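Presented below is the structure to which this report refers.
The values are calculated or read from the model by the stated rules, or taken from the named source; none is laboratory data. Note that the structure is predicted; figures quoted are calculated from it, not measured. No Cβ is skipped: glycine too gets one built from the backbone with ideal geometry, and neighbour counts run over all protein chains shown.
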Amino acid sequence: MVSLRKSSVSLSALFRTAAIAALVGGVIWSLPMSRAAEEPVALPPPAVDIAPPQDGLQTVVLAGGCFWGVQAVFQHTDGVVRALSGYSGDSKQTATYDIVSSGRTRHAESVEVRFDPKKISYGKILQIFFSVAHDPTQLDRQGPDVGPQYRSAIFYADDEQRRVAEAYIKQLDELKAFKQPIVTRLDKLAMFYPAEAYHQDYATHHPENPYIAYNDLPKIENLKRILPDVYRETPVLVAAEAKTKS
């Protein structure tokens, strides 16, 4: 069972922790908060993309608020072979949920998306990210979660990923696809640190959790409705991958 956080932890983290505790205790209640699953925006695909390599997988790390929902969206995306919740932006020593939730690190709650470029392109991953996984116009927050650890960011693996991301953000801003400017940061990926085991596959394992039901399940439905060509019903889970390797 997850313990209650110290007073230094952000209020949004306390809400999420309380939701976990209520779920474990068999108590179902609703949270008085605004939706994190913002209304989706049907976006055009990137005009600039990366040509698929002859073989091999590609990886990008994306941050868009609580990693539970972002992970779930990409676990339901065809062509993604793994979506792993974790932390990126700071050191290994600070890569724990208790510390990151305080907002006093440079980490962002992130998801490492590993995908097969022969089945889905990097540009399509970005289209999903901006369209249904989060709201890229919210600065240092996402819905009820407030703080720099919930910022919108793309941790690009190489210059090609950076170039395509820059071009897509420019494309969307010029189209005025959103009512507000996109504030997504582009940062070179240094390291990614997997989150604690209880955070992995969280939305799949706990759909009755009020936070998940209210904020994250709509994102999966939006993926199915807005981008049905890449939606898959059965998610690819971290636990299943670990079981296969054991």
- Message: I'd like to know if the range 213-226 contains one or more residues that are assigned to a helix (DSSP H, G or I), out of contact with any Gly (no Cβ under 7 Å at 6 or more places or on another chain), farther than 27 Å from SER101 by Cβ and of a type outside the set (D, E, K, R).
- Response: yes
- Would you be able to say whether some residue in the range 132-147 is free of Cβ contacts under 8 Å to residues at least 40 places away in the same chain, surrounded by 14 or more Cβ atoms within 10 Å (Cβ to Cβ) and under 22 Å from THR77 (Cβ atoms)? no
- In the list LEU217, LEU186, which residue meets the criterion of being farther than 14 Å from GLN75 by Cβ and of a type outside the set (Gly, Ala, Ser)? LEU186
- Task: Restrict the check to the range 183-195 and report whether at least one residue is more than 23 Å from VAL164 (Cα to Cα) and loosely packed, with under 14 Cβ neighbours inside 10 Å.
- Result: no
- Task: Restricting attention to strands (runs of 3 or more DSSP E) lying wholly within the range 60-169, give those where 1 or more residues are modelled with pLDDT of 95 or more and touching a Leu at 6+ places or on another chain (Cβ under 6 Å).
- Result: 108-115, 152-156
- Query: Can you name every residue in the range 47-59 that is surrounded by fewer than 13 Cβ atoms within 10 Å (Cβ to Cβ) and at pLDDT 95 or above?
  - Reply: ALA47
- Failed item, numbered, when GLU233 is tested on (1) more than 20 Å from LEU62 (Cβ to Cβ); (2) in contact with an Asp or Glu (Cβ under 9 Å, 6 or more places away or on another chain): (2)
- Can you give me the number of residues within the range 162-211 that are without any contact (Cβ under 8 Å) to a residue 12 or more places away in the chain and on the phi > 0 side of the Ramachandran plot? 1
- When the range 74-87 is examined, which residues are found to be without any contact (Cβ under 8 Å) to a residue 60 or more places away in the chain and in contact with an Asp or Glu (Cβ under 9 Å, 6 or more places away or on another chain)? none
- Only one of (1) at pLDDT 50 or above; (2) over 24 Å from ARG185 (Cβ atoms); (3) among the polar types (S, T, N, Q) fails for SER30. Which number is that? (1)
- Pair list, Cβ under 7 Å, 6 or more apart: the range 88-105 residue closer than 14 Å to PHE67 by Cα, other residue acidic (Asp, Glu) and assigned to a strand (DSSP E or B): VAL100/GLU109
- Task: Examine the range 175-190 for a residue that is modelled with pLDDT of 95 or more, part of a helix (DSSP H, G or I) and more than 19 Å from the chain's Cα centre (by Cα), and state whether such a residue exists.
- Result: yes
- Item | the range 200-211, subset farther than 30 Å from VAL164 by Cα and in a helix (DSSP H, G or I), residue farthest from the chain's Cα centre (by Cα) | PRO210
